[in-house]
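The values are calculated or read from the model by the stated rules, or taken from the named source; none is laboratory data. None of these values were measured; they are calculated from a predicted model. FYI the Cβ positions are ideal-geometry reconstructions off the backbone, even for glycines, and counts take in every protein chain you see.
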Amino acid sequence: GAGVSQSPSNKVTEKGKDVELRCDPISGHTALYWYRQSLGQGLEFLIYFQGNSAPDKSGLPSDRFSAERTGGSVSTLTIQRTQQEDSAVYLCASSLGLPDTQYFGPGTRLTVL
Amino acid sequence: GENVEQHPSTLSVQEGDSAVIKCTYSDSASNYFPWYKQELGKRPQLIIDIRSNVGEKKDQRIAVTLNKTAKHFSLHITETQPEDSAVYFCAASNNTDKLIFGTGTRLQVFP
């Protein structure tokens, strides 16, 4: 079946612009996660959703970052007024519930010039 | 909250040798412990997981052991091959919260 998909796969933007990253989880998965991974580094947790609600937003680096999930499915991560330090791969994952195997998407590579 | 520590951060072995990566966790309520492999430029993928009702699980050359008393779990790879070279992440969670990942181990297998 279809796995987790993310779009765009690559995004190059100028400092100060806003970007939206999209995640389509596996159908039926209630939990959805966003991570950030800088080159050669580990998985930095950003936020997760259980259904449409976000019980844990503790990983969002600043108020420039926000995320929403509608209809218990697609999620968008928005970064406002991007900075160069926002450059990284943004990974989305979904799971049936808690605790359960997380399936990762291919990621969006964000480059802020 | 849960905290997961992973060691070593890098590990180099000769092809055919064994590799062991260890993780410790802090929350005694954690009951699910997966291991993910991330090859260069790819997404993390689950390779094996264990739940707290068992002490060991094997899948061909890969095994995971869990010591609930000491709150640590380990990944064992036997007869390593160059294609085992990757970054490995451990993780832990309970029934009500998200997975907490370790910081990763970069494994290099030299032919």
### Query
Going through the range A:81-105 one residue at a time, which ones are surrounded by 14 or more Cβ atoms within 10 Å (Cβ to Cβ), part of a loop (DSSP other than H, G, I, E, B) and within 14 Å of chain B (Cβ to nearest Cβ)?
A:LEU96, A:LEU98, A:PRO99, A:ASP100, A:THR101, A:GLN102, A:GLY105
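Name the residue, out of A:THR78, A:THR108, that is within 14 Å of chain B (Cβ to nearest Cβ), under 14 Å from the mean Cα position of the chain (by Cα) and β-branched (Val, Ile, Thr). Reasoning before the result, please.
Numbers: A:THR78 fails: within 14 Å of chain B (Cβ to nearest Cβ).
Result: A:THR108 is the single residue among A:THR78, A:THR108 that is within 14 Å of chain B (Cβ to nearest Cβ), under 14 Å from the mean Cα position of the chain (by Cα) and β-branched (Val, Ile, Thr).
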### Message
Being out of contact with any helix residue (DSSP H, G or I) (no Cβ under 8 Å at 6 or more places or on another chain) and either facing chain A (nearest Cβ under 7 Å) or over 11 Å from B:GLU5 (Cβ atoms) (or both) is the filter here; which residues of the range B:92-107 pass it?
### Response
B:SER93, B:ASN94, B:ASN95, B:THR96, B:ASP97, B:LYS98, B:LEU99, B:PHE101, B:THR103, B:GLY104, B:THR105, B:ARG106
### Query
Looking at (1) part of a loop (DSSP other than H, G, I, E, B); (2) more than 19 Å from B:GLY41 (Cα to Cα), which is the only condition A:TYR48 fails?
(1)
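From B:LYS58, B:LYS68, which residue is modelled with pLDDT of 95 or more, basic (Lys, Arg) and farther than 27 Å from A:CYS92 by Cα? It would help to see each step written out before you state the result.
Working: B:LYS68 fails: modelled with pLDDT of 95 or more.
Being modelled with pLDDT of 95 or more, basic (Lys, Arg) and farther than 27 Å from A:CYS92 by Cα holds for just one of B:LYS58, B:LYS68, which is B:LYS58.
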### Task
Need at least 2 residues that are in contact with a Lys or Arg (Cβ under 7 Å, 6 or more places away or on another chain) and either under 19 Å from A:PHE104 (Cβ atoms) or among the basic types (Lys, Arg) (or both) per element, so show me which strands (runs of 3 or more DSSP E) inside the range B:62-111 make the cut, counting only ones lying wholly within it.
B:86-92
### Message
If I filter the range A:36-46 down to residues being within 21 Å of A:LEU96 (Cβ to Cβ) and at the interface with another protein chain (Cβ under 8 Å from one of its Cβ atoms), which single residue comes out as surrounded by the fewest Cβ atoms within 10 Å (Cβ to Cβ)?
### Response
A:PHE45
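Is it true that some residue in the range B:41-54 is more than 14 Å from chain A (Cβ to nearest Cβ), over 10 Å from the mean Cα position of the chain (by Cα) and either exposed (fewer than 13 other Cβ atoms within 10 Å of the Cβ) or part of a strand (DSSP E or B) (or both)? Outline the logic, then answer.
Within the range B:41-54, the subset more than 14 Å from chain A (Cβ to nearest Cβ) is B:54.
Checking the rest, the ones that are also over 10 Å from the mean Cα position of the chain (by Cα) come to B:54.
From what's left, either exposed (fewer than 13 other Cβ atoms within 10 Å of the Cβ) or part of a strand (DSSP E or B) (or both): B:54.
Yes, that holds for at least one residue.
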### Message
Looking for something within 14 Å of another protein chain (Cβ to nearest Cβ), touching a His at 6+ places or on another chain (Cβ under 7 Å) and not charged (D, E, K, R) - is there at least one such residue anywhere in the range B:17-36?
### Response
yes
### Query
Considering only the range B:9-23, how many residues are under 18 Å from A:LEU43 (Cβ atoms) and either under 11 Å from the mean Cα position of the chain (by Cα) or of a type in the set (Phe, Trp, Tyr) (or both)?
2
### Message
Based on this model, can you work out whether A:ASP24 counts as modelled with pLDDT of 95 or more, surrounded by 14 or more Cβ atoms within 10 Å (Cβ to Cβ), of a type outside the set (A, V, I, L, M) and farther than 18 Å from A:GLY105 by Cβ?
### Response
no
